[in-house]
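Participant: Below is a structure I'd like to ask you about.
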Amino acid sequence: MTLTVVDMHTGGEPLRIVTGGYPDIPKGTILEKRAYVRDHLDHLRKLLIFEPRGHYDMYGALLVEPDLPGAELAVLFMHNEGYSTMCGHAIIALGRYAVDEGLVAKQEPITMVNIEAPCGLVVASVEVKDGKAGSVSFESVPAFLFAHDQQIELGGYGKIAFDIAYGGAFYALADCHQFGLEFGRSRVRDFVDAATALTERLKAAFPLSHLDHADLAFLYGTILTDGHDAFSGEATKNICVFADAEVDRSPTGSGVTARLAAMHAKGEINPGQERSFESIAGSRFSGAVARTTMAGPHDAIIARVGGRAYYSGRAEFTVEPDDELGRGFLLR
């Protein structure tokens, strides 16, 4: 077995793009492909994402045949727990990758890349100058505030106020100060523990629904913010803890989308206003409400999120038949 990959990062968050070695995926919808890979090829996710080739917070992307009309490529996202429905940092990296690899016709100053994700069609706009791809922004599926100004009793922390918003995946949003945390002072470990506790509590107590497909109706994680949601020229900080307590080094593209949906629904940002979102690692994404729309019964927005991705390497991975640890393990 030989698997080849290209490694990139967006705002410090890794993306391992599979370029060869996977068996053919049967035709079907993107959610059917996601289910097939989950049920039949999960050993390859563990080989690529887990140690000794990856780590607890590694992230991956598997390109598959598009099913949606107009899509130029389709992608399945992989992480420590399984397969997500949307990933903005991956879209930013894949937009640049698609231009550089000739997967789409290159045009200056902007090359459009239509990417089918499990949540739907995402349109990436790649800046191209002198033939070289640069910054990337994307417009994702309709995003909306699902539940607002909710409260729940959380063991060890007391009563916690939160929102739940959808940005291609569902996130709980909460001000970190409720947990006694502060960016720049508190440990990342303490942010992770608080966010994970809220996610697990809400998974058990707060059912979700999505009109498009039941596979989209799950809480992906919690985003703890600095509480500075009202529009400002200052950057607002957040940390996204998703999947199995995985920490996003970037501001989180789908998370920024969800935050913008919540901000707009609460009158804290208007269409056309651009906000800067800063991650736990200090990297930044731009975010704006491009326009308003509807998502079933929900007032929704189309967000535009932008950032920059970089290459970090290329690799060829193998596993010997008697190497049990080489098939993937996690210590944390």
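The values are calculated or read from the model by the stated rules, or taken from the named source; none is laboratory data. It should be emphasised that the depicted structure is a prediction, and the values quoted were computed from it without experimental measurement. Glycine also receives a Cβ, built like all others from the backbone with ideal geometry; neighbour counts cover every protein chain displayed. We work out accessible area using only protein heavy atoms, side chains counted, and drop any ligands, DNA or RNA first. Shrake-Rupley method; radii C 1.70, N 1.55, O 1.52, S 1.80 Å.
Participant: What accessible area per residue, rounded to a whole number of Å², is obtained for the range 191-271 using a probe radius of 1.4 Å?
Facilitator: Accessible surface, normalised per residue, equals 35 Å².
Participant: H213 to M1: FRET efficiency via 1/(1 + (r/R0)^6), r the Cβ-Cβ distance, R0 25 Å, to the nearest 0.05?
Facilitator: The formula returns an efficiency of 0.20 here.
Participant: Further question on the same structure: Please check which bits of the range 115-136 a label hung off E65 would reach, taking the label as a point 7 Å along Cα-to-C-beta and the cut-off as backbone N under 19 Å.
Facilitator: 115-118
Participant: Let me check the size of the chain from its C-alpha atoms; what are the radius of gyration and Dmax in Å?
Facilitator: 19.0, 59
Participant: OK, next. Across the range 8-21, in residue order, what do the Karplus-derived ³J(HN,Hα) couplings come to in whole Hz, using 6.51 cos²θ - 1.76 cosθ + 1.60 with θ = phi - 60° and x for Gly and Pro?
Facilitator: 9, 9, 10, x, x, 8, x, 9, 9, 8, 6, 10, x, x
Participant: How large are Rg and Dmax for the range 167-269 when calculated on the C-alpha trace, in angstrom?
Facilitator: When restricted to the Cα atoms of the range 167-269, Rg and Dmax are 13.5, 41 Å.
Participant: Only sites in a loop by DSSP and with at most 15 other Cβ atoms within 10 Å count here; which trypsin sites (Lys or Arg not before Pro) in the range 264-309 make the cut?
Facilitator: K266
Participant: Let me ask you something else. Set the Förster radius R0 to 45 Å, insert the Cβ-Cβ distance between K159 and A35 as r into 1/(1 + (r/R0)^6), and round the FRET efficiency to 0.05.
Facilitator: Taking R0 as 45 Å, the efficiency between K159 and A35 is 0.75.
Participant: A follow-up question, please. If you average the alpha carbon positions of the range 154-198 and of the range 1-44, how far apart do those two centres end up, in angstrom?
Facilitator: One Cα centre to the other: 30 Å.
Participant: How much of the accessible area of the chain, in percent, comes from carbon and sulfur atoms when a 1.4 Å probe is used?
Facilitator: The nonpolar share, carbon plus sulfur, comes to 48 percent.
Participant: On to the next question. Report the gain in length on full extension from D130 to E234: 0.36 nm times residue separation, minus Cα-Cα distance, nm rounded to one decimal.
Facilitator: Contour length minus Cα-Cα distance gives 34.2 nm.
Participant: List the lysines whose Cα lies under 29 Å from the Cα of K237, skipping any in the same chain that are fewer than 8 positions away.
Facilitator: Hits, sequence-local ones excluded: K159, K203, K266.
Participant: At a Förster radius of 41 Å, what calculated FRET efficiency corresponds to the Cβ-Cβ distance of A105 and N270, to the nearest 0.05?
Facilitator: Computed FRET efficiency for A105 and N270: 0.70.
Participant: Mind checking the dipole of the chain: about its Cα centre, +1 per Lys or Arg Cβ, -1 per Asp or Glu Cβ, Debye to the nearest 20?
Facilitator: Here the size comes out at about 440 debye.
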